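Q: If you scroll down you'll find the structure; I have some questions about it.
What follows draws every value from the coordinates through simple rules; no lab data is involved. Given the structure is predicted, the values throughout are model-derived calculations rather than measurements. Cβ placement follows ideal geometry from the backbone for every residue including glycine, while neighbour counts extend to all protein chains displayed.
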Amino acid sequence: MRSSTTRRAWWHQTIRTAAVLAIAVVAAAAHAGTYNQTLSIGDDAPRWDKLPGTDGKTHSLDDLKESPVVVVVFTCNSCPYAVDAEDRLVKLQADFADRGVSVVAINVNKVEEDLMPAMQQRAKEKKFEFAYLHDATQQIARAYGAIYTPDFYVINKARQVIYIGAMDDSPDGRNANKHYVRDAITAALASKPAPQAETPAIGCRVRYERTRRSRRIISPANEPAARQ
């Protein structure tokens, strides 16, 4: 009798454990977006704080409290796709400047052509009127789940992400028919959801540094530690 009771208890515990694991998997899947494995539409926008800009100042998301919409783009100098987006980005900022929309470009690559001196030169050449920031820690790009450059995020007044992905449906800007970022900005200004909330970003991979695992040497049990 005890054996039967034990088996039933074990079976019920197994079912409960499986159910908990299934809920956890579903919750994890629900948190990530369709193409972005970190953020979902409606998530709070990760905040950056005191990132250096090409203007010699430091910048934070909290500096933009008066902006009804913030457009974040992870970009760089070294990717041809990102370079192709620069003129469109300049025009985007100019077209929505009188509506109070803020555009923030963030570069996290650490090769020489993507460091601050080269960024400042590019900003001067292209006459960027938006913030162009560098994050040497790369943490802000990881927080957003950015994989490619350029990768766009439109953030509404409540500082929730309403759009993730490409600027439009043309990687080089020619013959674009769908203007995802512009449409998302217009929707956000009207307190509406983006007509298309997520698209795959197309570009070069963000040059994340690999994190090295530290190796721990464990002495055999009961062996006295060596004196230094």
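Q: Checking a compactness column here: for the stretch 34-205, what do you get for Rg(Cα) / (2.2 N^0.38 Å), N being the number of residues? Working shown, then result.
A: Working: Rg = 14.4 Å, N = 172, 2.2 N^0.38 = 15.6 Å.
Working it through for the stretch 34-205, the quotient is 0.93.
Q: Students often forget the sequence filter, so: which aspartates and glutamates lie under 13 Å Cα-Cα from residue 192 once same-chain residues fewer than 8 apart are removed?
A: Partners within reach: 183.
Q: Related question: For a quick protection proxy, order the peptides 186-194, 107-115 by their average other-Cβ count within 10 Å, most packed first.
A: Working: 186-194: 16.1, 107-115: 18.6.
The densest-packed peptide leads the list: 107-115, 186-194.
Q: Please work out the FRET efficiency for the pair residue 121 and residue 192, using the Cβ-Cβ distance as r and a Förster radius of 45 Å; give the result to the nearest 0.05.
A: Details: r = 39 Å, r/R0 = 0.87.
Working from the Cβ atoms, E equals 0.70.
Q: Rounded to the nearest 0.05, what FRET efficiency do residue 90 and residue 60 give with R0 = 25 Å and r taken as the Cβ-Cβ distance? Could you check? Please list the in-between numbers first.
A: Details: r = 23 Å, r/R0 = 0.92.
Once rounded, the FRET efficiency stands at 0.60.
Q: Long-range amide H contacts for residue 163: which residues qualify at under 5 Å (H placed 1.01 Å from N, peptide plane, sequence gap of 5 or more or a different chain)?
A: When sequence neighbours closer than 5 places are left aside, the close amide H contacts are 154.
Q: Quick one: length gained pulling residue 175 to residue 138 fully straight, 0.36 nm per residue minus the C-alpha distance?
A: Values: separation 37, 0.36 × 37 = 13.32 nm, distance 3.32 nm.
Contour length minus Cα-Cα distance gives 10.0 nm.
Q: Also, quick follow-up: In sequence order, what are the phi-derived ³J(HN,Hα) couplings for the stretch 76-93 according to the Karplus relation 6.51 cos²θ - 1.76 cosθ + 1.60 with θ = phi - 60°, rounded to whole Hz, with x for glycine and proline?
A: My calculation for the stretch 76-93 gives 6, 8, 8, 9, x, 5, 5, 4, 4, 8, 4, 5, 5, 5, 4, 5, 4, 4 Hz in order.
Q: Would you please give the residues with an amide H less than 5 Å from that of residue 103, counting only those at least 5 places away or on a separate chain, with H modeled from the backbone geometry?
A: Long-range HN contacts for residue 103: 71, 131.
Q: When we measure straight from the Cα of residue 126, which lysines land under 28 angstrom away, once same-chain ones fewer than 8 places off are left out?
A: 50, 57, 65, 91, 110, 178
Q: Moving on to the next point. Just to verify a number: FRET efficiency for residue 37 and residue 113, C-beta to C-beta distance, R0 = 30 Å, to 0.05?
A: Working: r = 28 Å, r/R0 = 0.92.
Computed FRET efficiency for residue 37 and residue 113 comes out at 0.60.
Q: Where the centroid of each part is defined by its Cα atoms, how far is the stretch 164-205 from the stretch 41-80 in Å?
A: 18
Q: Another question, if that's okay. Give a residue-ordered list of calculated ³J(HN,Hα) values for the stretch 60-71 (Karplus: 6.51 cos²θ - 1.76 cosθ + 1.60, θ = phi - 60°; whole Hz; x for Gly, Pro).
A: For the stretch 60-71, the Karplus curve yields 9, 4, 5, 5, 9, 4, 7, 7, x, 9, 10, 10 Hz.
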